[in-house]
Amino acid sequence: MVAISACCGGFLHAQSDLVSRGRDFAELVCSACHVVSEDRQTPILRDPGPSFVQIAGRASTTDGGLRAYLDTKHPDMGPSGRMPNPRLADYQIDEVVAYILSLRDHS
Ligand code: HEC
């Protein structure tokens, strides 16, 4: 179940493209329920998920752990099962995981 990290083999340039695509994607798909970046508005969900900066800042957050979380087949995700599975494609997981981990530098 745990996907081995296939990312990060390329150039720094490719990595920063991945991060910026991940940010655009997160702002479209995840921001209804998470604060995905500092300049983003409050999520619509009344009891939102943890912000991406919070997630990135946890010592327990790893590339493999995020991938395994997002790659699950369970319909309801998270410790209390409150996140509906967004059923992401592999390339979308690559982008959004690169973006979340890039937030470590700012936290
Ligand atoms: C419909 C609302 C919703 C959407 C859309 C959503 N999430 Fe979540 N997410 C949640 C909630 C609520 C939680 C907290 C889950 C819990 O505590 O059970 C969560 C938790 C998480 C967690 C942390 C799990 C943990 O171990 O604490 C990650 C990582 C995450 N979401 C990533 C994403 C990403 C990436 C996207 C966009 C592709 C996304 N989420 C879209 C609602 C959402």
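The values are calculated or read from the model by the stated rules, or taken from the named source; none is laboratory data. These numbers come from a predicted model, not from an experiment. All Cβ positions, even for glycine, are placed from backbone atoms using ideal geometry, and neighbour counts span all protein chains on display. Accessible surface areas use protein heavy atoms only, side chains included; no ligands, DNA or RNA. Shrake-Rupley method; radii C 1.70, N 1.55, O 1.52, S 1.80 Å.
Here the Karplus curve 6.51 cos²θ - 1.76 cosθ + 1.60, taken at θ = phi - 60°, turns the phi angles of segment 75-83 into couplings of x, 10, 10, x, x, 10, x, 8, 9 Hz, with x standing for Gly and Pro.
Per-residue 3J(HN,Hα) values for segment 56-69, derived from phi via the Karplus relation 6.51 cos²θ - 1.76 cosθ + 1.60 with θ = phi - 60°, read 4, x, 5, 4, 7, 6, 9, 4, x, x, 5, 4, 5, 4 Hz in sequence order (x marks Gly and Pro). The alpha-carbon atoms of the chain, seen along their principal axes, cover 40, 34, 26 angstrom, with the largest extent given first. Annotation: extensible slack from residue 89 through residue 62 equals 7.8 nm (criterion: 0.36 nm per residue apart, minus Cα-Cα distance). Just to be sure I follow the definition: excluding the sites themselves, where is the longest run in the chain that has none of the trypsin sites (Lys or Arg not before Pro) in a DSSP loop with at most 16 other Cβ atoms within 10 Å? It runs 1-39. When 44, 100 are compared by accessible area at a 1.4 angstrom probe, the order from most to least is 44, 100.
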